[in-house]
Amino acid sequence: MTEQRVQERNWAGNLSYQAERIAHPRTVEELQELVAGARTIRALGSRHSFNDIADTSGTLAALDLLDPVITVDAQNMTVTVSGGTRYGTLAAELQRQGFALHNLASLPHISVAGAVATATHGSGDGNGNLATAVAGLELVVADGGILTAHRGETADFDGMVVGLGALGIVSSVTLDIEQAFQVTQHVFEDLDWEQVLENFDDVTSSAYSVSLFTDWSGSTVGQAWLKGRVSDPGVVAGQRDFFGGTPALSARHPLPGVSGSNCTEQLGVPGPWSDRLAHFRMEFTPSKGDELQSEYLVPREHAVDAIRTLRRLSGLLTPLLLVSEIRTIAADRLWLSPNYGRDGIGLHFTWRQDQPAVESVLPLLEAELAPFAARPHWGKLFDGGAAAVGPLYPRFDDFRTLAGRLDPAGKFRNRFLDYAVFGC
């Protein structure tokens, strides 16, 4: 096991970890020993959280050196991976063996365990977030023991998957897989806002995965990214109009004026799901990290009203933005998933790295979205604490009871959890 004592920062550079040390266990046994002996401890994955959900005053257990396990069970159509495995690495191996995941997030660089624990998602009317693929978990719990949990067998399994790191450290995850499939990606530019809002269901159902990019100003949506399974009907090569938008003639980046060379292939060229469902290529870092992010998940029935509200706030939001993304996510039964019990849309904000200005606007933004029961993404910047967030989740108190049972001494607690989950 290796250790670091130098100050470390998250991917965006807006957060310095306050941990006394960062340890890098190489085996599950080393991780168990580390957890058993720690006063307080948290897991550290790809460092892509924009708040301090992964921080601690004690020990950070970085999972990057943990045994790199990727084991496919073709009979049961599952794959088991170590907690620190990145989605891009997993996707490439699954594609090599002829299998696929149902979806990917924008970045393939994020760790499986971290993405699952925070209910990170891709897009698609019929696609649940990444955590919905979880069929099993292996957790290193507070005393250093191993707790294994399986969907349909373990009591409270639905409360364990989106666990925010509050229940233990995930040493391995078992995910549902399917047969590999081919995807084409088309980008359309300058869609007419009114056409989009009047036909919102048609827009989002036009492909397997649809993303809309906007800065909320003006009369047009900047870009629509449509990822379609080759075997499914949808947008076809040669289509010249998409709700007022026209097809991009070269590779595009979500940010206007930025080269699309580090994005996954577009222009309708068929290719493996592993090279199309994410927005960015695994072999490139999509940016320097000089950005901040927030996201709010809103029930599908409020989608158009919520979007109109944000357009009305463009004078406040646009100057702080690099870009916003609108995606759709299917309902699930995971207790702390922002899509628990409801189909929804994700309203994502990639902010300029001006944290004081962003933090000053978040309370107003959340107040404007409150009538739509907007749930914040757990790994991104938001303002409301447990008193505001808790009533949005029917199983919130059940999760707190579960955490108290599995971690009675609060070994996995931290400032974030005390504020956002266990506060009054």
Do we find that F243 is open to solvent by 40 Å² or more (accessible area, probe 1.4 Å), within 23 Å of T328 (Cβ to Cβ) and of a type in the set (A, V, I, L, M, F, W, C) in this structure? yes
Please go through the stretch 374-414 and pick out each residue that is open to solvent by 30 Å² or more (accessible area, probe 1.4 Å), in contact (Cβ under 8 Å) with a residue 60 or more places away in the chain and closer than 19 Å to S294 by Cα. F382
Single residue of L310, L336, L317, L321 found to be open to solvent by less than 10 Å² (accessible area, probe 1.4 Å) and under 19 Å from V389 (Cβ atoms): L336
Which listed residue is under 21 Å from W273 (Cα atoms) and open to solvent by 10 Å² or more (accessible area, probe 1.4 Å), from T132, T154, T148, T118: T132
Might you let me know whether the stretch 176-186 holds any residue that is under 30 Å from R240 (Cα atoms), touching a strand residue (DSSP E or B) at 6+ places or on another chain (Cβ under 8 Å), open to solvent by 10 Å² or more (accessible area, probe 1.4 Å) and assigned to a loop (DSSP other than H, G, I, E, B)? yes
Those residues that are within 21 Å of W11 (Cα to Cα), at pLDDT 80 or above and surrounded by 16 or more Cβ atoms within 10 Å (Cβ to Cβ), I need them from the stretch 284-300; list them, please. E291, L292, Q293, S294, E295, Y296
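The rows are residues; the columns are (1) in contact with a Phe, Trp or Tyr (Cβ under 6 Å, 6 or more places away or on another chain); (2) without any contact (Cβ under 8 Å) to a residue 12 or more places away in the chain.
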| position | (1), (2) |
| --- | --- |
| T148 | no, no |
| R151 | yes, no |
| T154 | no, yes |
| S171 | no, no |
| I177 | yes, no |
| A207 | no, no |
| W225 | no, no |
| V230 | no, no |
Of all residues in the stretch 189-206 being over 22 Å from P256 (Cβ atoms) and in contact with a strand residue (DSSP E or B) (Cβ under 7 Å, 6 or more places away or on another chain), the one that is surrounded by the fewest Cβ atoms within 10 Å (Cβ to Cβ): S206
Just one of the numbered conditions (1) assigned to a strand (DSSP E or B); (2) in contact with an Asp or Glu (Cβ under 8 Å, 6 or more places away or on another chain); (3) open to solvent by 20 Å² or more (accessible area, probe 1.4 Å) is not true of Q18; which one? (1)
Are any of the residues in the stretch 220-239 in a helix (DSSP H, G or I) and buried (at least 16 other Cβ atoms within 10 Å of the Cβ)? no
Within the stretch 41-51, is even one residue more than 19 Å from G136 (Cβ to Cβ), assigned to a strand (DSSP E or B) and of a type in the set (G, A, S)? no
From the residues in the stretch 265-283 that are of a type in the set (A, V, I, L, M) and out of contact with any Asp or Glu (no Cβ under 9 Å at 6 or more places or on another chain), which one is most open to solvent (accessible area, probe 1.4 Å)? L267
Of all residues being under 18 Å from T118 (Cα atoms) and in a loop (DSSP other than H, G, I, E, B) in the stretch 415-424, which is most open to solvent (accessible area, probe 1.4 Å)? Just the residue, please. F422
Take V81 and decide whether it is aliphatic (A, V, I, L, M), outside any strand (DSSP E or B) and open to solvent by less than 20 Å² (accessible area, probe 1.4 Å). no
Restricting the search to the stretch 39-58, which residues are free of Cβ contacts under 8 Å to residues at least 60 places away in the same chain and open to solvent by 10 Å² or more (accessible area, probe 1.4 Å)? R47
Residue set A54, A43, A62; condition within 30 Å of I326 (Cβ to Cβ) and under 21 Å from the mean Cα position of the chain (by Cα); output residue A54
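The values are calculated or read from the model by the stated rules, or taken from the named source; none is laboratory data. Model, not experiment: these values are computed from the prediction. Cβ atoms come from the backbone with ideal geometry, glycine included; neighbour counts cover every protein chain shown. Remember, those area values only see protein heavy atoms, side chains included, never the ligands or the DNA or RNA. Shrake-Rupley method; radii C 1.70, N 1.55, O 1.52, S 1.80 Å.
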